[in-house]
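I have placed the structure first, in the form of structure tokens, so that the comments after it can refer back to it.
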Amino acid sequence: MTDIRIDIREKVFPAVGQAAAHAAIQDFHLTLHSGEFVCLVGPSGCGKTTLLNIVAGLDRDYRGEIRIGRQQALPKIGYIFQNPRLLPWRTVRQNIELVLQESSAGNTVDFLLEAMRLTRFQHVYPERLSLGMSRRVAIIRAFAIDPELLLMDEPFVSLDPPTARQVRELLLDLWRKRPHTVLFVTHDLREAIALADRLIFLSPSPMSVIGDIRVPIERHLRQDENEIEAFRRRLLDGAPHIKQLL
């Protein structure tokens, strides 16, 4: 896996009815280094999900390019949406195996189910899962294809804090075992600090990068909420232009 360079000169949503045309992203430039965990943090409605859809190849109506090393082509991408999007007529295991080649499914699924502590629920249908469990299944499904780039759009939103913390820790454990480049969207700065190698701060639309900050806290210290809060305060006190947007 090589570096991924995202250059979006402009993304405009055309006028619809009485609504005028809207420039969502402008002059956005970001390089993701191989194996990095990068968090995007910005105000609601600034264009974070739009950016992920462009990177994923779901939205091609923009001016710019996504480049891998010297190649202008999309990497293999896993995408975890805000909604887990599980098929209700398939079991947990069947939802995961849907994205895999049949010949390679068994060992991969077994490993991921164990890592996410869902082995005993593998034959359960989604209606019997809690929201936290459904989100874990969505994480497994994205990891199962062994992506070069993993996109995550606020995957822990609407979870209560203890459940969000548990799923976040399971995600990090799985990421350490199967490292990928990650682009993670969140509105929660504490969550971003707990997860990221780098924090990318975004302006209101038209969205652009207004801050690129490396998180200096050693990963084994990030379960300490005091460490997280102390860094958050130092960061915001030193960057008032970021603080006023959060």
Choice from Leu98, Leu131, Leu51 with maximal GNM fluctuation in the chain (Cα, 10 Å cutoff): Leu98
Whole-number Å³ per residue for the convex hull built on Cα positions in segment 134-235: 118 Å³
Among beta bridges that DSSP assigns inside the chain, antiparallel share in %, nearest 5: 55 percent
Reachable lysines, given that their alpha-carbon falls under 27 Å from the alpha-carbon of Lys11 and they are not under 8 places away in the same chain: Lys48, Lys76, Lys243
Contact order normalised by residue count of segment 78-132, Cα under 8 Å, 6+ apart, percent: 49 percent
Point-charge dipole on Cβ atoms (K/R +1, D/E -1) for the chain, about Cα centre, debye to 20: 180 debye
Scattering profile of the chain at q = 0.13 Å⁻¹ [log10 I(q)/I(0), Debye over alpha-carbon scatterers]: -0.85
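No value in this document is a laboratory result; all are computed from the given coordinates. Computed from a predicted structure; not experimentally measured. FYI the Cβ positions are ideal-geometry reconstructions off the backbone, even for glycines, and counts take in every protein chain you see.
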